[in-house]
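Working notes, structure below.
The values are calculated or read from the model by the stated rules, or taken from the named source; none is laboratory data. No experiment lies behind these values; they were computed from the predicted model shown. Cβ placement follows ideal geometry from the backbone for every residue including glycine, while neighbour counts extend to all protein chains displayed. Keep in mind that these areas ignore ligands, DNA and RNA; they rest on the heavy atoms of the full protein, side chains included. Shrake-Rupley method; radii C 1.70, N 1.55, O 1.52, S 1.80 Å.
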Amino acid sequence: MNKVISLQQDIKDHLKEIVFNLGYNAENLNILLEEPKEKVNGDYSTNLAMLLTKIAKKQPKLIANEIVDRFNKDKYYVSKIDIAGPGFINFYMDNNYLTTVISEIINANENYGKNNQDNPIKINVEFVSANPTGDLHLGHARGAAIGDSLCRILTVAGFVVTREYYVNDAGNQIHNLALSTIARYEQQLGIDTPVPENGYHGTDIIDIAKSLFEKYGDMYKEDSKERYDLFRKYAKEYELEKIKKDLSNFRVEFDIWSSEQKLYDDNRVIKAIEKLAEKGYIYEFEGATWFKSTAFGDDKDRVLRKSDKSLTYLTPDIAYHIDKLERGYDKLINILGADHHGYIPRLKASIECLTGENDKLEALIIQMVRLIKNGEEYKMSKRSGKALTIRDLIEEVGIDAVRYFFAMRSPDSQMDFDIDLATSQSNDNPVYYAQYAHARISSIFRQAEEKNLNYKVSEQYLEVNSDKAYDLLKKLSEFPKFIVEAANKRAPHRITHYIYELASVFHSFYNAEKVINEENIEKTSQLLALVKATQITLKNALELIGVSAPDKM
RNA sequence: UUACUCUUAGCUCAGUGGAAGAGCAUUCGCCUUCUAAGCGAGUGGUCACAGGUUCAAAUCCUGUAGAGUAUACCA
C-alpha cells in the first residue's frame, strides 16, 4: 500500500475515533478526506463537521472546533489545521511526509502504480469489432485508442483482462464484399461488370481483385459456388489482415479474434434460441421467432428468426455473448460507437434473461467523431471509398498525437477532429508538452553523466525545502489513485489529465530549481532522485495511453 | 413519436453532492545558466432555463429549450 494513501486512511481513522470520543453516533458516516484544488485550502480537507450537523444539532463550525482541539497533529505529520468556509477542516501537512514516495517509486520502477488485487475479477473487453469489409476509419480509431487504454489501465489496476475483437464474417456485408470482389475481378478480365449497388466501391477491392487475377488468371471466369466461396474467403482475410496490421501499428493488440462464422459452423447460433426458449422467453408470431426482450426493459420484442427462416444479426450475437459468458468472465465490457447505442438494451436483455444479472454486460458508448477539413464537415463513408482511414490519420498526425488526442477526451463527449489544425499546428499538440518533460529529464541525466558527477541517486529524499519540489512529490504520490479511479470509472482520459498535470508541475519545478549543482553533490543526488521518480512515473503513465516517452526531442 | 447522450470562459474541453478549473486565443514579463516544444503574471463564467431534494447542487430528481445519435423480420 502506498504510504500516502495509508496516511490518509490513518487520518480518517483518527477522525472517526475523535468523533466517537465526542459522543456522536456516527457509525454510518462516510468521512471524506479530499484534496482541495486550491492550495490555500490545505493538502487535505474534510467535510466531517458538516456531516455531523444533524446528529450533533450544532453549527458545523462549532463541531469543527471540537474536532480540531482533539486532533493529534504530530502523529500524522500535520503542521497546521484550519477551519474554513461553511465548516471545512483543512489540514496542512508537514512537507516531509511524502519523502518516502521517492524510494518507493524508484524501487518499483515500471511497476509503480500497479495495484495487486487478491481475488481480481476477470473482465472481457470487446472493442473495435469493425466488419472486415474495408479500412478502419476515424470512429474506429477512437474506439481502438480508448479501448486499448482502458485495457491497459484495468490491467495495471489489478484486473485480469482479455481483449477481444468480434469479427462479423458471416452476414450480408461479407456477401456484398464477395460480390464486389467478383465484379472487380471480372473487370480485370475485361468484362464490364458493375459493382453492386450495396457493394463496396473502395480501391482496396480492386487491389484484392488484382491479386486474385495475378494468382489465378482467368481461371474463375465462370460463375460458380467454388468461385464465390474462394473469393469471399480471400477478400475477408485480406481485409482482416489489413485491420490487424493497422491496429498493431496503432499499438493496439488483441488476445482473441472471435469469428461469427465459427459460431454457425459449431451450430451454436440455433442453440442460443434454444437456451432462451428454455427460460420461456421465446414465442412464434406471424411465422417469425421472437425474443421477449421487453420483459427485460427493451422497447419492443426482437425477431431472432425471420419468417423466411433466416436469422437476424442479433441471434449470432447472443450466441457470441453466451460463448463469452461460458468462458468464465465476471464482467463483459462492450465498447461501441454511439450509432449503435440503440442495440444495447436488446443485448443486455438477452444476458439478463440467461444469467439473471443485469450488470454482467456493461456498454461503454463512444460518441461520434466529426472530421473537419477546410472548416467544414468531411463526411465519411466506407462505401464511397473516400473515408479518411486510420492509416491516413497516423501518417498525417503521428501515432503519439493521435493516441493522446483520443485519450484526452471523455468517451461521451462528441469531438471534432480538425485535420488542418492537427497537421499544421502539430507542435501545439499537448502530447509534446508531456513528452518534452520526459525528454528534459533524460537530458538532465545525460548532463550528469557528461559532467562525471560522483552522484548516486539517493535512497532517501531527506528534506523538501522548495514548494515546487513538494508539488512534484505530491503529484507523483497521486498516480496510483488516478489509476484506480480511471479503471473504476472506465475513464482513460483521467490518466491523460494526470499526465498533463504531472508534466506541468515538473516544468514548473525545472524552471525554479537547477537540479545539477556541482558545488553540492548531496543536494544534487537528492534532486536527481526526485527527477528519476518523475521520469518513471511519467513513462508509466504515458504507457497507459499508448504514447511513447522519448529521451530526446 | 419515443429512447439514449450532450449543453461549464471568446473557442476546445475537465470537474458529477462540499470552496468554479485547464488548454488555446488575448495582454505583460523571463533564454550568457540541466532542451523556451518551457516558465511566471493578467484578462475572461447567472455552470442552457425553471422548479424540487439537501446544512450544501454545475453535480441528484422533475420539467422546458437546443444539439447529436438511434428508433427494420439491415448488418
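Brief remarks on what is shown
- Residues in region A:495-507 that are open to solvent by 40 Å² or more (accessible area, probe 1.4 Å) and either within 6 Å of RNA strand B (Cβ to nearest atom) or among the small types (Gly, Ala, Ser) (or both): A:HIS497, A:SER504.
Here is a yes/no grid of residues against (1) assigned by TED's automatic domain parsing to the domain that holds A:GLN526; (2) within 28 Å of A:LEU325 (Cβ to Cβ); (3) polar (S, T, N, Q); (4) buried (at least 19 other Cβ atoms within 10 Å of the Cβ):
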| position | (1), (2), (3), (4) |
| --- | --- |
| A:ILE105 | no, no, no, yes |
| A:HIS137 | no, no, no, yes |
| A:PHE159 | no, yes, no, yes |
| A:ASN168 | no, yes, yes, yes |
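- Qualifying residue in region A:131-139 (condition: over 30 Å from A:LYS233 (Cβ atoms) and either in contact (Cβ under 8 Å) with a residue 40 or more places away in the chain or in contact with a Pro (Cβ under 7 Å, 6 or more places away or on another chain) (or both)): no
- So A:SER258, is it hydroxyl-bearing (Ser, Thr, Tyr), touching a Phe, Trp or Tyr at 6+ places or on another chain (Cβ under 8 Å) and within 30 Å of A:VAL402 (Cα to Cα): yes
- Any hit, region A:180-187, residues being β-branched (Val, Ile, Thr), at pLDDT 95 or above, within 16 Å of RNA strand B (Cβ to nearest atom) and over 24 Å from A:ILE495 (Cα atoms): no
Residue-by-condition table, conditions (1) farther than 30 Å from A:VAL195 by Cβ; (2) modelled with pLDDT under 90; (3) crowded, with 21+ Cβ neighbours inside 10 Å:
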{"residue": "A:LYS324", "(1), (2), (3)": "yes, no, yes"}
{"residue": "A:LEU361", "(1), (2), (3)": "yes, no, yes"}
{"residue": "A:SER384", "(1), (2), (3)": "no, yes, no"}
{"residue": "A:LEU388", "(1), (2), (3)": "no, yes, no"}
{"residue": "A:GLN414", "(1), (2), (3)": "yes, yes, no"}
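- Selection within region A:64-91 - within 13 Å of RNA strand B (Cβ to nearest atom) and touching a Leu at 6+ places or on another chain (Cβ under 7 Å): A:ILE89
- Residues of region A:254-270 classified as loosely packed, with under 13 Cβ neighbours inside 10 Å and either assigned to a helix (DSSP H, G or I) or in contact with a helix residue (DSSP H, G or I) (Cβ under 7 Å, 6 or more places away or on another chain) (or both), total: 1
Conditions tested, residue by residue: (1) within 16 Å of RNA strand B (Cβ to nearest atom); (2) more than 18 Å from the chain's Cα centre (by Cα); (3) more than 29 Å from A:ARG370 (Cβ to Cβ); (4) in a strand (DSSP E or B).
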{"site": "A:LYS114", "(1), (2), (3), (4)": "no, no, yes, no"}
{"site": "A:GLN117", "(1), (2), (3), (4)": "no, yes, yes, no"}
{"site": "A:ILE123", "(1), (2), (3), (4)": "no, no, yes, yes"}
{"site": "A:VAL128", "(1), (2), (3), (4)": "yes, no, no, no"}
{"site": "A:ASN131", "(1), (2), (3), (4)": "yes, yes, no, no"}
{"site": "A:SER149", "(1), (2), (3), (4)": "yes, no, no, no"}
{"site": "A:THR155", "(1), (2), (3), (4)": "no, no, yes, no"}
{"site": "A:GLU164", "(1), (2), (3), (4)": "no, no, no, yes"}
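- Single match in A:LYS275, A:LYS221 (criterion: basic (Lys, Arg) and part of a helix (DSSP H, G or I)): A:LYS275
- Answer residue from region A:22-63, given it is within 6 Å of RNA strand B (Cβ to nearest atom) and among the basic types (Lys, Arg) and is modelled with the highest pLDDT among those: A:LYS54
- Residue in region A:159-181 that is farther than 30 Å from A:ILE333 by Cβ and small (Gly, Ala, Ser) present: yes
Conditions tested, residue by residue: (1) open to solvent by less than 60 Å² (accessible area, probe 1.4 Å); (2) within 21 Å of A:LYS474 (Cβ to Cβ); (3) outside any loop (DSSP other than H, G, I, E, B); (4) acidic (Asp, Glu).
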{"site": "A:MET50", "(1), (2), (3), (4)": "yes, no, yes, no"}
{"site": "A:LYS54", "(1), (2), (3), (4)": "no, no, yes, no"}
{"site": "A:LYS58", "(1), (2), (3), (4)": "no, no, no, no"}
{"site": "A:LYS61", "(1), (2), (3), (4)": "no, no, yes, no"}
{"site": "A:ASN65", "(1), (2), (3), (4)": "no, no, yes, no"}
{"site": "A:ILE83", "(1), (2), (3), (4)": "yes, no, yes, no"}
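- If the condition is being within 39 Å of the chain's Cα centre (by Cα), within 21 Å of A:GLN187 (Cβ to Cβ) and open to solvent by less than 70 Å² (accessible area, probe 1.4 Å), then region A:213-241 contributes A:ASP229, A:LEU230, A:PHE231, A:ARG232, A:TYR234, A:ALA235, A:LYS236, A:GLU239.
- Enumeration of residues in region A:472-494 that are near RNA strand B (Cβ under 9 Å from one of its atoms) and in a helix (DSSP H, G or I): A:GLU485, A:HIS493, A:ARG494
- For A:ASP301, the test of being surrounded by fewer than 13 Cβ atoms within 10 Å (Cβ to Cβ) and within 13 Å of RNA strand B (Cβ to nearest atom) is failed.
- Only one of the listed residues (A:ASP551, A:ASP467) is at pLDDT below 90, within 34 Å of the chain's Cα centre (by Cα) and open to solvent by 10 Å² or more (accessible area, probe 1.4 Å). That residue is A:ASP467.
- Considering residues of region A:30-48 that are β-branched (Val, Ile, Thr) and not in a loop (DSSP other than H, G, I, E, B) only, the residue nearest to A:ASN96 (Cα to Cα): A:VAL40
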